[in-house]
Amino acid sequence: MRQVADLWTRAQELLPGGVNSPVRARATVDGEPVIADHGEGPFLFSVDGRRFIDLIMSWGPLILGHANPVVLEAIRRAAERGTTFGLSTAAEVELAERITTHIPSVEMVRMVNSGTEATMSAIRLARAATGRDLIVKFAGSYHGHADALLVQAGSGMAALGLPASPGVTRASVAHTAVLPYGDARAAAGFFAERGDEVAAVIVEPVAGNMGVVAPAEGFLAALRDLTRKAGSVLIFDEVITGFRLGLGGAQQRFGITPDLTCLGKVIGGGLPVGAYGGRKDLMSLVAPLGDVYQAGTLSGNPIAMAAGAATLDVLSQDGFYEVLEAKARRLAEGIGQAAAASGVQVTVNRVGTLITAFMAKGPVRNFDDVLKSDQKAYRRLYEGLAKRQVLIPPAPFEALFVSAAHHDRLIDDVVEAYAEALAEVKQE
């Protein structure tokens, strides 16, 4: 059996920090890392033979669970025909048809390889369509690692960006403004002063990258109204929420229609994929129809397209989301009850099937509230759950993801593990 310590030592010699994405780096938790070997349904098995109830689920794509047989069969059939061609395939058209059917605001779609590519391309398109430079984003929201979006929030109503990473120049973020998430008044004030400069507003309709934070009442509607009046483009980053909160995503749930939508995660069925799409007049500006250049040799990969189409076909079955949301409700309510019994400060935020249990006194409505979380308590909670074979994100500001494979008895086991782990947190 491969040993975790040996693998981790080798990884640290070969990969920056031993990982290929910082979210895996365990910066806020202690102990030996969990290195995955394989997954089955709701379970992840580590290389040292441990079996965990998995609530990470690859950060969201595995809405059907690990190694779903329907998805695996679609992947197998596609792979037998070839892995990539550099030419168009029927699979691209078939997935595009499913996306545009389920999300009416997406009249035309372009497949890419990641959420970062999707948001970066959508912003380029918005700037070209409006002839403007300024982009508005919101504090605590992450839209991929494109330079223009790696911006720190400043104090006051809005701050023009300062780079959040070395290597990102001030020039790269000079045309990015940061506003407080959920604050319609701040957005209105900014647009009153600078609305005619704004090319686009990009927003997570439900924040998922600072933990799950629901939009304040009227916030999304206000953004729609402000951008429409200013001639700006409203971009919904639904990389997390798309096909997770329902077939029509967050925009269907809240009844707000954006101009452009960015997708990822679920539409790949567990394989790398992203997409951006929206109104046909905007998407017609993208090359080769228009002059807005964006390309990708591996975009629309036939295996990823097949996995995504198979996944969406399952999701479109009657009652799928009602059952999945009932599972998420059971988990969220159970964690809340366990926290109340333990006396540990925990605020459970849930929107549909997205859940975060913040180690903080509520309510948690924005990034400032998120930052009040007790990260030391989260570290102890993580360790307590891990020793009970429950795997949650190694970072405190992430979502928990349930899948169709998590049955009620398993969710009850998770709640029991939370109760025991929180009791230990209280004792320390």
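Every number in this text was worked out from the coordinates using simple rules, so none of it is lab data. Owing to the predicted nature of the structure, the values given are computational and were not obtained by experimental measurement. FYI the Cβ positions are ideal-geometry reconstructions off the backbone, even for glycines, and counts take in every protein chain you see.
Things to note:
- Antiparallel %, DSSP beta bridges [both residues in the chain], to 5: 60 percent
- Rounded FRET efficiency, nearest 0.05, which uses the C-beta distance separating Val314 from Arg77 and R0 of 22 Å: 0.90
- For the pair Glu32 and Ala67 in one chain, pulling the backbone fully straight at 0.36 nm per residue adds 10.1 nm over the alpha carbon distance.
- Over the residues of the chain, the helix contribution to mean residue ellipticity at 222 nm works out to -11500 deg cm²/dmol, using -39500 (n - 2.57) for each DSSP H run of at least 4.
- In this structure, Thr84 and Thr9 have a Cβ-Cβ separation that, at R0 = 35 Å, corresponds to a calculated FRET efficiency of about 0.55.
- When each full DSSP H helix of the chain is screened for a Cα extent of at least 24 Å along its own axis and an average Kyte-Doolittle hydropathy of at least 0.0, the helices passing are 320-342.
- Stretch gain in nm, segment Ala221-Glu424, where the contour uses 0.36 nm per residue and the Cα spacing is subtracted: 68.8 nm
- With N counted as the residues of the chain, its alpha-carbon radius of gyration over 2.2 N^0.38 Å works out to 0.97.
- Beta bridges from DSSP with both residues in region 69-315: antiparallel share about 50 percent, rounded to the nearest 5.
- Square roots of 5 times each gyration tensor eigenvalue, C-alpha, region 378-420, largest first, Å: 18, 14, 7
- The modelled label-to-label distance for the pair Lys229/Glu333, using points 7 Å beyond Cα in the direction of Cβ, is 4.1 nm.
- Its relative contact order, with pairs defined as Cα atoms under 8 Å and 6+ residues apart, puts region 273-428 at 22 percent.
- FRET E, pair Ala25, Lys387, Förster distance 25 Å, beta-carbon r, rounded to 0.05: 0.75
- 5 angstrom amide H check on Asn209, placed H, neighbours 5+ away: Tyr142
- Shown here for region 69-126: GluC sites (Glu not before Pro) in loop regions (DSSP other than H, G, I, E, B) with at most 14 other Cβ atoms within 10 Å, of which there are none.
- Paired Rg and Dmax values of region 1-113, which use every Cα atom, in angstrom: 18.4, 51
- Once the gyration tensor of the Cα atoms in region 69-315 is diagonalised, the equivalent ellipsoid follows with semi-axes of 31, 18, 17 Å, ordered largest first.
- Between Gln375 and Arg409, full extension at 0.36 nm per residue minus the direct alpha carbon distance yields a gain of 9.3 nm.
- Using a simple spin-label model with pseudo-atoms 7 Å out from Cα toward Cβ, Ser284 and Ala186 lie 3.8 nm apart.
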